[in-house]
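Quick one: the structure is below, questions incoming.
The values are calculated or read from the model by the stated rules, or taken from the named source; none is laboratory data. No experiment lies behind these values; they were computed from the predicted model shown. Every residue, glycine as well, gets a Cβ built from its backbone with ideal geometry; the counts of neighbours run over all protein chains shown.
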Amino acid sequence: MKKIYLIGIGPGSPDYLTVRAINTMKEVDVFFFLEKERGKNEDLIKIREEILMRYLSEGTYRVVTAKIPERKKGGKTYEAYKERVETWRQKKAEIITELIKTEMKDRETGAFLVWGDPALYDGHLEILEHIAKEGVVNFEYEVIPGITSIQILTAKHKIPLNRIGESIMITTGRKLKEYSTGEVTNAIVLLDSCSVFKRFQDTNIDIYWGSYLGDEDEILISGKLKDVIDDIKKLKNEAKKKKGWIMDTYLLRQPEETNE
């Protein structure tokens, strides 16, 4: 039977791969790279290539690249967003199904190198489960966890993810909009293309922000949000113009003395 691995590769630097991820990669026959139609993720493809070159011997594996459609934008409601994502994932599932059918021999192993961890804000796990249930192609799969940007963020800022007796919320910029400023005590925010943290700039909340975490272009800023928000917005815009993309993660945290 064919086997697929979803291998978490961390936030981008080859230094953050786990030993298990590296050992699993050595068992893989074919790595699948999914490239956006307009070449908008060239850097992300390049990082995956660097990971393979660093840890694997040349000639021991092959790489198959496939084009995937971009996810359509438009519609601000959750229902519209969910529908767009589901449609996009269905198209992606069709492409992955075809790759497993045509680019793998029986008993071969294939792998997708997943940014961060496959279980955190990534659709590959659900897509593979959907394909398996469809029964069009026979395969099994396994998930190899990866270091997340959350862990790198807290390590770089030298802070604990949670404080004694407090909970931590992990959410997206889209969902953060639904919370009032008084409802957020500790919130890790991912996928915030609209800088929703601006809603909190008139409060006393602290922010621990980072982008390109673990990479040579890493940027870190921390402090009272109202004091550093202009620096964050400036650096975020400059970095996005320079590289064409940005992945940032941040923690919003109420000062400890204000909590009961």
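Mind counting the residues in region 50-80 that are under 27 Å from residue 98 (Cβ atoms), at pLDDT 80 or above and surrounded by 14 or more Cβ atoms within 10 Å (Cβ to Cβ)?
Number of matching residues: 7.
Report, ordered by the first and then the second residue, all pairs with beta carbons closer than 7 Å, sequence separation of six or more or different chains, a first member in region 1-27 that is assigned by TED's automatic domain parsing to the domain that holds residue 130 and in contact (Cβ under 8 Å) with a residue 40 or more places away in the chain, and a second member that is among the charged types (D, E, K, R) and assigned to a helix (DSSP H, G or I).
Every condition considered, the pairs that remain are 14/50; 14/54.
Could we say that residue 105 is surrounded by fewer than 19 Cβ atoms within 10 Å (Cβ to Cβ) and either in contact (Cβ under 8 Å) with a residue 40 or more places away in the chain or in a loop (DSSP other than H, G, I, E, B) (or both) here?
Yes: the conditions hold for residue 105.
Are any residues in region 10-31 in contact with a Ser or Thr (Cβ under 9 Å, 6 or more places away or on another chain) and either over 17 Å from residue 56 (Cβ atoms) or surrounded by 20 or more Cβ atoms within 10 Å (Cβ to Cβ) (or both), and if so, which ones?
10, 11, 12, 28
Table: residues versus (1) more than 26 Å from residue 36 (Cα to Cα); (2) part of a strand (DSSP E or B); (3) among the aromatic types (Phe, Trp, Tyr).
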position	(1), (2), (3)
163	yes, no, no
178	yes, no, no
189	no, yes, no
193	no, no, no
221	yes, yes, no
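Within the group 153, 161, which residue is surrounded by fewer than 15 Cβ atoms within 10 Å (Cβ to Cβ), touching a residue at least 24 places away in the same chain (Cβ under 8 Å) and not β-branched (Val, Ile, Thr)?
161
Would you confirm whether any residue within region 22-36 is modelled with pLDDT of 95 or more, within 29 Å of residue 152 (Cβ to Cβ) and of a type in the set (D, E, K, R)?
Checked against the condition, which is being modelled with pLDDT of 95 or more, within 29 Å of residue 152 (Cβ to Cβ) and of a type in the set (D, E, K, R), region 22-36 yields at least one hit.
Quick one: in region 195-219, which of the residues that are charged (D, E, K, R) and part of a loop (DSSP other than H, G, I, E, B) is nearest to residue 10 (Cα to Cα)?
Only one residue tops the list, namely 215.
Could you please let me know if residue 96 is surrounded by 17 or more Cβ atoms within 10 Å (Cβ to Cβ), part of a helix (DSSP H, G or I), of a type in the set (Val, Ile, Thr) and in contact with a strand residue (DSSP E or B) (Cβ under 7 Å, 6 or more places away or on another chain)?
Answer is no for this residue.
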